[in-house]
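The values are calculated or read from the model by the stated rules, or taken from the named source; none is laboratory data. It should be emphasised that the depicted structure is a prediction, and the values quoted were computed from it without experimental measurement. All Cβ positions, glycine included, derive from the backbone under ideal geometry; neighbour counts span all protein chains shown. Ligands, DNA and RNA are excluded from the accessible area calculation, which covers all protein heavy atoms including side chains. Shrake-Rupley method; radii C 1.70, N 1.55, O 1.52, S 1.80 Å.
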Amino acid sequence: MAEVRGRTPGVDSARRALKVLLLFSGQSPRLTMEEIARGVGISTPSAYRFVSLLRELDLVEEDDGSTYVLSPRVLALAENAERTMRMSHLLRPLVERLSSVTGETALVIRRVGDFATCTEISQADRSIRLSFQPGQIMSLHQGAGPKALLAGMGKEWAARYFDRLKSKPPQYDRDAVLAELPVITSQGWSQSSAEVDEDVWAVAAPITVANKVVAALSVAGPHYRIDEKRASMIREEVISGASEVSRSLNTWHD
């Protein structure tokens, strides 16, 4: 049975402002102040106050002097949400196929601020435990997938990233990663061995939309069973898969 969510205490004003935003729909793209007040169950002066806040944040705009509509900023948020759902729809079958073809764990890693997190994973061998699990955050400077993301941000951004870290790696580790990033960008893939998990080898390739790295596709497995021949095969599969999904995403983006 689905978990019933309780009401979050102390945020009644925020709740009403969001209710105002959620009143707008395909059936009701334009609303008067009276309709907003009635729909949320508040007074007209209160409706004016919440609409003023939403206008300040560029989420709602006045249409013709008496009605209000969602702003282009909200439409951009909706487009981003749709792109994320489409990406998940494309990536889930891809990681499952990669895992089946390679016999190893396939995963998708995305950047969240100064961290990397796994958003999709398919494990062929569940006896192999990886630090990357859905929702868990990791550093950007260790592991094939995170470094593919870091490389996509550019060397200057990466240098500032190291400056922001509370727990900074030794200078020689920082210099080694910064030197590796242009190579990753040039060759189109990243590889690591025992950087995140002991005795685990991994390879990753960037997924791009409009020439921007939005995620990394990776395959990881125990080092002892990945010789040069298998490593080359897995690398080609990862590069091909990342290119395939990038083309699909860019076609939709255009």
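Under 21 Å from Met233 (Cα atoms), assigned by the TED database to the domain that holds Ser246 and at pLDDT 95 or above - does that describe any residue in segment 157-180? Before the answer, list the steps.
Just the residues of segment 157-180 that are under 21 Å from Met233 (Cα atoms), to begin with: none.
No: zero hits.
Does Val177 fit the bill of being in a helix (DSSP H, G or I) and open to solvent by 10 Å² or more (accessible area, probe 1.4 Å)? Explain how you work it out, then say what you get.
Details: in a helix (DSSP H, G or I): yes; open to solvent by 10 Å² or more (accessible area, probe 1.4 Å): yes.
Against the criterion (in a helix (DSSP H, G or I) and open to solvent by 10 Å² or more (accessible area, probe 1.4 Å)), Val177 qualifies.
Considering only segment 222-244, state which residues are β-branched (Val, Ile, Thr), outside any loop (DSSP other than H, G, I, E, B) and buried (at least 21 other Cβ atoms within 10 Å of the Cβ).
Filtering segment 222-244 down to residues β-branched (Val, Ile, Thr) leaves 226, 234, 238-239.
Add one more test, that the residue is outside any loop (DSSP other than H, G, I, E, B), and what stays is 234, 238-239.
Scanning segment 222-244 gives Ile234, Val238.
Taking the stated definitions as given, is Glu156 in a loop (DSSP other than H, G, I, E, B), open to solvent by 60 Å² or more (accessible area, probe 1.4 Å) and out of contact with any strand residue (DSSP E or B) (no Cβ under 6 Å at 6 or more places or on another chain)?
Numbers: in a loop (DSSP other than H, G, I, E, B): no; open to solvent by 60 Å² or more (accessible area, probe 1.4 Å): yes; out of contact with any strand residue (DSSP E or B) (no Cβ under 6 Å at 6 or more places or on another chain): yes.
Here the answer is no, as Glu156 does not meet what is asked.
Only one of Val219, Val183 is assigned by the TED database to the domain that holds Ala242 and either in a strand (DSSP E or B) or open to solvent by less than 10 Å² (accessible area, probe 1.4 Å) (or both). Can you tell me which? Even if it seems obvious, please write down each step before you answer.
On the way: Val183 fails: either in a strand (DSSP E or B) or open to solvent by less than 10 Å² (accessible area, probe 1.4 Å) (or both).
After applying the criteria, what remains is Val219.
Inspect segment 191-203 for any residue being at positive phi, more than 21 Å from the chain's Cα centre (by Cα) and part of a loop (DSSP other than H, G, I, E, B) and give the result as yes or no.
The answer is yes; a qualifying residue exists.
Tell me, which helices (runs of 4 or more DSSP H) lie completely within segment 15-112 with 1 or more residues that are at pLDDT 85 or above and in the same structural domain as Leu149 (by the TED database)? Spell out the reasoning first.
Numbers: elements: 33-40, 44-56, 72-102.
Where helices (runs of 4 or more DSSP H) fall fully within segment 15-112 and carry at least 1 residues being at pLDDT 85 or above and in the same structural domain as Leu149 (by the TED database), they are 72-102.
Would you check if Val203 is under 18 Å from Arg235 (Cα atoms), crowded, with 17+ Cβ neighbours inside 10 Å and in the same structural domain as Val238 (by the TED database)?
Values: under 18 Å from Arg235 (Cα atoms): yes; crowded, with 17+ Cβ neighbours inside 10 Å: yes; in the same structural domain as Val238 (by the TED database): yes.
Answer is yes for this residue.
When residues of segment 103-117 are filtered for being over 15 Å from Val213 (Cα atoms) and surrounded by fewer than 22 Cβ atoms within 10 Å (Cβ to Cβ), how many remain?
1
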